[in-house]
Protein chains: 2
Amino acid sequence: MNLDEGGLLPIFPKISSMKKLILLPVLGIFFNLSAQTPDQSQLETLTEANWQRGIQLLNELVSIPNDAYYPEQIEPNIQWCEQAFASRGWTSERLDTGGIPLLLSEKKQAGATKTALFYFHIDGQAVDRSKWNQDDPYQPTLKQQRADATWEIIPMDRLKAEYNPDWRIYGRSTSDDKGPFAMFLTAWDAMIEQGLTSDYHIKIILDFEEEQGSPRLPAAVVQYKEKLKADLMLIMDGPRHTSNLPTLSYGARGISELFLTTYGPKLPQHSGHYGNYAPNPALLMSQLLASMKDEEGRVIIPGFYDGINLTDTEKAILQAVPDDEIAIQKRLGLGRTDKVGQTYQESIQYPSLNIRGMRSAWVGPEARTIVPDLAVAELDMRLVPESDPERLFGLIKDHIRNQGFHIVEKDPTDEERMSNPKIVKVNTSISYQAFRTPMDSPTGAWLRKAMSRAFGQEPVQIRISGGSIPISPFVDALGIPAVTIPTVNADNNQHSPNENIRLGNYKEGILTILSVLTEPIY
Amino acid sequence: MNLDEGGLLPIFPKISSMKKLILLPVLGIFFNLSAQTPDQSQLETLTEANWQRGIQLLNELVSIPNDAYYPEQIEPNIQWCEQAFASRGWTSERLDTGGIPLLLSEKKQAGATKTALFYFHIDGQAVDRSKWNQDDPYQPTLKQQRADATWEIIPMDRLKAEYNPDWRIYGRSTSDDKGPFAMFLTAWDAMIEQGLTSDYHIKIILDFEEEQGSPRLPAAVVQYKEKLKADLMLIMDGPRHTSNLPTLSYGARGISELFLTTYGPKLPQHSGHYGNYAPNPALLMSQLLASMKDEEGRVIIPGFYDGINLTDTEKAILQAVPDDEIAIQKRLGLGRTDKVGQTYQESIQYPSLNIRGMRSAWVGPEARTIVPDLAVAELDMRLVPESDPERLFGLIKDHIRNQGFHIVEKDPTDEERMSNPKIVKVNTSISYQAFRTPMDSPTGAWLRKAMSRAFGQEPVQIRISGGSIPISPFVDALGIPAVTIPTVNADNNQHSPNENIRLGNYKEGILTILSVLTEPIY
């Protein structure tokens, strides 16, 4: 059942904070849950009794600026989290990384044998205040949608007596990723106050530099491998499937980069004097890029997609995701799609080779009538577990050589220029590797069971999501399965101005986490 | 004979301004030129007696800032020119253009039947003072080259007693194009003081917006057609052939522009979520551009080069130009050249299709992991008389449609996006048409005769130069032949910081103009 439909409201209509505090002990007695796993209705009642307190937690946390580009903003966030854990009887330790630390917190459970490691990040994207429709992106702001689809601010106080699943709280990191952490604390408090416990140890690793690309995380994970040791990892970040149904995601594509530079004359030359004579680097780049893909956007470099052979079972799993591709295409204004896969879900099972930016000389008011000296293209190559990036870089370089190019790693010398008709500088980097946990693994089954209990139906299951998250270092260093439990609405304006979280998602996020915390471990 | 070799120095070694003033009447008697056409030696002597005065004129004119982006800088330049003409007994008239005017000056000659129209421009390129190796780009500055090829400032006063053809005067517009105008005034004064005259009427049109693209010139030429009426046009702008030998150029390529935009998703999309699904506009642009040319830089759109069939005679003329292609390729760092023509001169007999700039999203520090929404390419298409730009635009558009693109002139609507898999916006403009005066025309023969008299050998003859100048409006409106008489050194840093003129070129420019002014008209 979807909380959005207001199913809980008849139980506690217009509940107020004060009433909630009085009701809590009653609930504990009423449910008598400590001996059993709460069912859907009990989870919903618990959520209903606690979500307003959860909003207070969220608002408190969101009001602390958290752009890790300014490390001084991060320290108050760390202290808030340390305090949150300490007040709940958890241990915490800052893991030194040489820069902004990680925070590792732990709660042991008597008699437990397994450990789950939860991942959240607390830093947020930079804010451009001029583009936000509120004075302060760090001032949580309640809004409701008008008939014309714009949003109007309403007093936060209305939440004391009212609830509408489609209202939203706007503010940086409401969804990405302070929201999920506030949900977790709320679910934890609700569970404990009900006399419930998890039957597994819990570790939480908090990342304070995720939006900076977690540059120190991979080394730290290796360094603190023993402290981080766990049996499974749960990533509490990212949006649900666009249908906004409860979602599990079993992996994420990795990301690597390819930087290409082609060369024309040593300095830009007058296009009247040298047009038709000095080879044009933008043409050269165009010819090179065009040689890599066909008309349907498929990479035509031999071997690029090797190792990916979707079985009928896998195709059926992908088919079960309720994507509305017509709607996606309308929203993006696409009269066609690339044909790497037959469907959207299939397309992201493959590595991508995407031109993320391209530049040669100037266009627009700055344009000059020249033969440019350089053309630059940057490509990102999303990775799946089958596509080792070094192997793919090797294939691409072979292909480039087959196009008659001499490859250099630094700008060519005069001698290299004179002795090679076509030169391209190729630099590569690997940001994150891909990871993918089998859907039929014990971790997968366990999570499906928890979420089915919470929602009365299986979640949408994403075999691998298209985007990249810094989780492969954990998977690689700790050798454990990792699954993402996304909770926030997909239209949350993540990374953009006017980031928000939908109240219905906030509530269902608490419900989701309650179900996972109370699910007997496998 | 090349003045650089110092041939004149034995005649007037270390001549001073004062001596020159005393010598002038003597020269007039000595030469007794008024009844005859001066020979090479007499022209050289006249030049030698007047070049220092010419440098004073140049320095005075260059010291007036002349960036037409600031019209208030232009007025003092116009007044200086009006005064220069008035003091020499010329009539002048400002031709209203609705903006900065043109200045038309005239000197009638008794008994003359023909009129030559000289073109100069007095405005200069913008200056970035921080990049000039002198305090003020409008302060003419004498320099000599050190052994390490850098330039050191020396006192201007040294020119009173010394001369070195390789010394240079640095300052904005010393070469482009105040230098030639100062040479003209110097040659005129020398001629008149010698009792010589031209046997043709002279008109001079001064353009004060050339570096802004002469936006009002084409309409003004039509409007003032009767006033501008002449039998031939002499363009006093641009550098000599790179050999720095005396040069005549019989035409210039025109220039037109093509602006292309390809479309991806309506807004940039996360490359993880949509890489492999949302078609990439930079790839589309690359494919489109790559389809237009072969590996050797030749346009492969059928008909693009139609009408250009170089005869053996024409090829021989091109072959006679003393280009040092090995040196050009070394200087530009080219390991190969485009193969539109077999030689540099041949290559500029054809229209070009040059990518002058290209952009999609961002590269470098600003790069984002996105599928871009747009890719933009700007091409300039240099024109020759055989290549009507409208015809070429038509061929290019046909080619684009044959690649499966739907062509729009404005950004596509949602409907156009959904119903066309591949869309490109194509906008075009025509800046200048090409012009080319036959080398065997009477004007060509007359100029060759004048310059052969001045230098003892035929000039380098350029059938058409690669760059574009705003002369076709004159050629079209007045129906007259036009030839460029370039005088300045090719390495004058035109359009760049540290523009300069070589003293040898300044002197030979005076000599060149003297020869033309004294050449009996055909």
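Please treat every number below as a calculation from the coordinates, not as lab data. Please read these numbers as outputs of a predicted model, since none were measured by experiment. Cβ coordinates were reconstructed from backbone atoms using ideal geometry, including for glycine residues, and neighbour counts include every protein chain displayed.
List of remarks:
- For q = 0.17 Å⁻¹, Debye-computed log10 I/I(0) when each Cα of the range A:395-521 counts as one equal scatterer: -1.00
- For peptide A:366-372, the mean count of partner chain Cβ atoms within 10 Å of a residue's Cβ comes to 6.
- The convex hull defined by the C-alpha atoms of chain A has an orientation-averaged projected area of 27.4 nm².
- Residues A:ARG88, B:ARG436, B:ARG168 arranged by fewest to most Cβ contacts within 10 Å: A:ARG88, B:ARG436, B:ARG168
- Rounded to the nearest angstrom and listed largest first, the equivalent-ellipsoid semi-axes of the range B:126-267 from its Cα gyration tensor are 34, 30, 15.
- Relative contact order for chain B, counting Cα pairs under 8 Å that sit 6 or more residues apart, in percent: 25 percent
- Rounded to whole numbers, the Karplus 3J(HN,Hα) couplings from phi for the range A:339-346 are 10, 5, x, 7, 9, 4, 4, 5 Hz, using 6.51 cos²θ - 1.76 cosθ + 1.60 with θ = phi - 60°, and x at Gly and Pro.
- Local charge for A:GLY357 was computed over the other residues whose Cβ lies under 10 Å away, with Lys and Arg +1 and Asp and Glu -1, and equals +1.
- The share of Cα pairs per 20 Å bin across the protein assembly as shown, counted from zero up to the longest distance, runs 12, 33, 25, 18, 10, 2, 0 percent.
- Charging the Cβ of each Asp and Glu at -1 and of each Lys and Arg at +1, and nothing else, the dipole of the range A:115-168 about its Cα centre rounds to 60 debye.
- Under 15 Å, Cβ to Cβ, from A:ARG298 - net charge with Lys/Arg +1 and Asp/Glu -1: -2
- Each Lys and Arg Cβ is given +1 and each Asp and Glu Cβ -1; about its Cα centre, the protein assembly as shown then shows a dipole of about 100 debye.
- Among the residues of B:284-297, the average count of other protein chain beta-carbon atoms within 10 Å of the residue beta-carbon is 6.
- Per-residue Cβ neighbour counts within 10 Å put B:VAL127, B:VAL483 in the sequence B:VAL127, B:VAL483, beginning with the fewest.
- Alpha-carbon centroid distance for the pair the range B:159-232 / the range A:340-384, whole angstrom: 49 Å
- B:THR113-B:LYS227 FRET efficiency (beta carbon distance; Förster radius 25 Å; 0.05 resolution): 0.85
- Computed from phi, the 3J(HN,Hα) profile of the range A:227-234 under the Karplus parametrisation 6.51, -1.76, 1.60 (θ = phi - 60°) reads 5, 8, 2, 7, 9, 7, 10, 10 Hz, with x in place of Gly and Pro.
- Close amide H pairs (under 5 Å, H built 1.01 Å from N) link B:TRP151 with B:ARG146, residues at least 5 positions away or on another chain.
- P(r) of the range B:319-377 over all Cα-Cα pairs, binned every 5 Å from zero, in whole percent: 4, 13, 16, 16, 12, 9, 12, 10, 7, 2, 1
- DSSP-defined beta bridges in the protein assembly as shown - what % are antiparallel, rounded to 5: 70 percent
- Links that overshoot a 18 Å alpha carbon limit, given the list A:LYS339/B:LYS425; A:LYS178/A:LYS229; B:LYS339/B:LYS425; B:LYS315/B:LYS339; A:LYS131/A:LYS507: A:LYS339/B:LYS425; A:LYS178/A:LYS229; B:LYS339/B:LYS425; A:LYS131/A:LYS507
- Whole-Å distance, taken between Cα centres, linking the range B:396-412 and the range B:67-90: 48 Å
- Loop trypsin sites (Lys or Arg not before Pro), the range B:207-314, which have at most 14 other Cβ atoms in a 10 Å radius of their Cβ (DSSP): B:LYS229
- Coil-residue trypsin sites (Lys or Arg not before Pro) of the range A:325-424, DSSP, other Cβ within 10 Å capped at 11: A:LYS410
- One way to sum up the overall shape of the range A:229-388 is the equivalent ellipsoid from its Cα gyration tensor, whose semi-axes run 40, 18, 17 Å, largest first.
- The GluC sites (Glu not before Pro) found in the range A:165-259 include none that occupy coil by DSSP while having at most 10 further C-beta atoms within 10 Å.
- Hz values of 3J(HN,Hα) by residue in the range A:111-117 - Karplus curve (6.51, -1.76, 1.60), Gly and Pro given as x: x, 6, 10, 10, 10, 9, 10
- FRET E, pair B:SER87, B:GLU416, Förster distance 45 Å, beta-carbon r, rounded to 0.05: 0.10
- The ranking of B:VAL221, A:VAL299 from fewest to most other beta carbons within 10 Å of each one's beta carbon is A:VAL299, B:VAL221.
- Close amide H pairs (under 5 Å, H built 1.01 Å from N) link A:VAL408 with A:VAL424, A:LYS425, A:VAL426, residues at least 5 positions away or on another chain.
- When both the range B:255-311 and the range B:498-522 are represented by their alpha-carbon centers, they are found 46 Å apart.
- Cα lying deepest toward the dipole's positive end in chain B, options B:GLY89, B:VAL408, B:ILE169, charges on Cβ: B:ILE169
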